[in-house]
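Shown next, in structure tokens, is the structure this report addresses.
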Amino acid sequence: MNPKKVLLTSVCRPFGTEYGDADSVGYELLHKQVTRAQGIFSPRAVQVQYSLEYIAANLETPAVVLQYPSRQELIRELKKGYDYVGVSFIMALFHKMKDAVALIRKYSPQSKIILGGYGTVLSDDVLAPFGDYFCREEGVTFFRRLLGETPIPKPYKHPLIVSDLKIFSIRASRTGKIFAGLGCPNGCDFCCTSHFFKRRHVKLLPEGKDIFSVVEKFLDQDPNTVFIIFDEDFLLNKSRALEFRDCVKKSGRLPSIFVFSSIKAISQYKVEEILEMGIDGFWVGYEGTKSGYGKQQGRPGGRHFHGIQRTRHHHSRLHDCGVRLSKPRRGGGGTGWVDEIKTVLDPDPHLRSSPQHAFLRSHHGTEPPPGRLSGRTGKVLQTGRRVYHHDQTPHPVSHSN
């Protein structure tokens with residue numbers, strides 16, 4: 001009996017306003033979105049659908065992955081015959097998901113269609129015309145269950161995915177992608193990631209030694225590799241982070257790592273402990289002292305980040321030790337120290353939610369609700385699509401300023 005066959009694909013290229021996309025939609029997170037105001041000085045790196053590669057690496061069923069295929073490339077692959085075709089999409093690319101589904105139904109009508117990605121925050125009623133199954137959980141578990149494969153424990157097999165960062169078309173770094181966790185317990189009301197996983201943190205790499213094992217594999221392949229750890233608030237789990245630090249110190253191999261974190265998480269550590277992990281870059285989302293988010297608890301931000309970048313030694317502040325900071329700011333008032341410090345990246349996406357913000361939820365667990373969001377300054381999140389979900393308000397995200 002022939003085994004089942006799986007095709008996992010992103011939506012089809014090309015992207016751009018001339019193809020019906022929003023102006024922030026593109027293959028590049030930095031040049032197209034975060035640092036687009038920097039013009040020719042913007043770093044450039046293509047961001048693929050890492051999740052598809054990760055899922056395929058952890059299936060027993062033969063799986064093929066397509067990254068941004070053209071329509072012709074997708075059609076050519078579909079004609080080979082697949083039992084299941086998974087399409088990953090976000091809401092801003094809903095129209096491209098529909099196009100991909102139409103091609104699947106035309107050229108591989110026997111295939112069952114699986115929709116995944118953050119676009120699946122849309123309700124079953126909205127998605128039903130386009131898919132047979134909807135993945136709204138950690139993807140490896142979902143696919144192995146769907147395919148009748150035996151569940152496997154974490155840590156899963158970690159594919160060694162890298163991307164080149166270029167400046168002026170010259171390679172500046174080779175970055176290894178480390179997938180340490182999904183979701184976030186902070187539960188900020190504007191965050192699709194936290195909402196998608198119901199304010200839970202799913203540890204793909206449960207222990208510090210698991211994270212370091214992935215780092216070593218990358219370094220064995222290329223000792224010049226630098227790293228980004230994908231985990232919404234990596235330092236929040238102190239025991240895991242300190243175990244990782246111990247592994248780094250024992251190995252004698254100090255990596256260069258960029259992480260996402262919060263003031264609350266960073267406040268748990270001495271600067272020396274952070275440096276000993278190899279962390280020399282942070283992305284810190286800061287919503288202002290008046291926004292009321294629990295993740296802002298801890299030492300005042302200015303005590304972490306201050307002054308100019310110098311050398312990497314054991315000083316009292318991260319900037320004085322050469323740690324790079326990116327400071328995306330989101331309204332809320334009281335940004336004080338954030339406006340004063342120097343950063344490598346300063347995307348400054350002031351976001352304001354309307355009273356009908358689809359991600360606004362009335363209950364915030366143990367954290368106090370931040371209050372009405374309509375008073376924040378800046379542009380509304382740019383999406384014109386309705387978002388319906390079991391614990392969200394059934395209102396569209398506003399398109400107005």
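Note on the range 143-182: among residues that are over 21 Å from Ala57 (Cα atoms) and either of a type in the set (A, V, I, L, M, F, W, C) or under 15 Å from the mean Cα position of the chain (by Cα) (or both), the one that is surrounded by the most Cβ atoms within 10 Å (Cβ to Cβ) is Leu165. Could you tell me whether the range 209-224 includes any residue that is within 25 Å of Ile263 (Cα to Cα), surrounded by fewer than 19 Cβ atoms within 10 Å (Cβ to Cβ) and not assigned by TED's automatic domain parsing to the domain that holds Gln47? Yes, that holds for at least one residue. For the range 173-212, the set of residues classified as of a type in the set (Ser, Thr, Tyr) and either closer than 15 Å to Gly139 by Cβ or in contact (Cβ under 8 Å) with a residue 40 or more places away in the chain (or both) consists of Ser173, Thr175, Thr193, listed by residue number.
Would you confirm, using the coordinates I've provided, whether Val65 is of a type outside the set (Lys, Arg), modelled with pLDDT under 95 and closer than 25 Å to Gly16 by Cα? Considered against the rule, which asks whether it is of a type outside the set (Lys, Arg), modelled with pLDDT under 95 and closer than 25 Å to Gly16 by Cα, Val65 comes out as no. For Leu115, the stated conditions hold: it is within 22 Å of Ala63 (Cα to Cα), of a type in the set (A, V, I, L, M, F, W, C) and part of a strand (DSSP E or B). The residues in the range 92-102 that are surrounded by fewer than 21 Cβ atoms within 10 Å (Cβ to Cβ) and touching a residue at least 24 places away in the same chain (Cβ under 8 Å) can be counted, and the count is 6.
Run down Leu103, Leu78, Leu30, Leu93 and say which single residue is over 26 Å from Pro153 (Cα atoms), modelled with pLDDT under 90, out of contact with any Asp or Glu (no Cβ under 6 Å at 6 or more places or on another chain) and not hydroxyl-bearing (Ser, Thr, Tyr). Testing whether each residue is over 26 Å from Pro153 (Cα atoms), modelled with pLDDT under 90, out of contact with any Asp or Glu (no Cβ under 6 Å at 6 or more places or on another chain) and not hydroxyl-bearing (Ser, Thr, Tyr) leaves just Leu30. Scanning the range 16-44 for residues that are crowded, with 16+ Cβ neighbours inside 10 Å, over 17 Å from Trp283 (Cα atoms) and touching a residue at least 40 places away in the same chain (Cβ under 8 Å) returns Asp21, Val25, Tyr27, Arg44.
Report yes if some residue within the range 181-194 is part of a loop (DSSP other than H, G, I, E, B), on the phi > 0 side of the Ramachandran plot and not charged (D, E, K, R); otherwise report no. Yes.
Here Ser10 qualifies as within 26 Å of Ser169 (Cβ to Cβ), at pLDDT 95 or above and not assigned by TED's automatic domain parsing to the domain that holds Gly285.
The values are calculated or read from the model by the stated rules, or taken from the named source; none is laboratory data. As the structure is a prediction and not an experimental result, all values here were calculated from the model. Every residue, glycine as well, gets a Cβ built from its backbone with ideal geometry; the counts of neighbours run over all protein chains shown.
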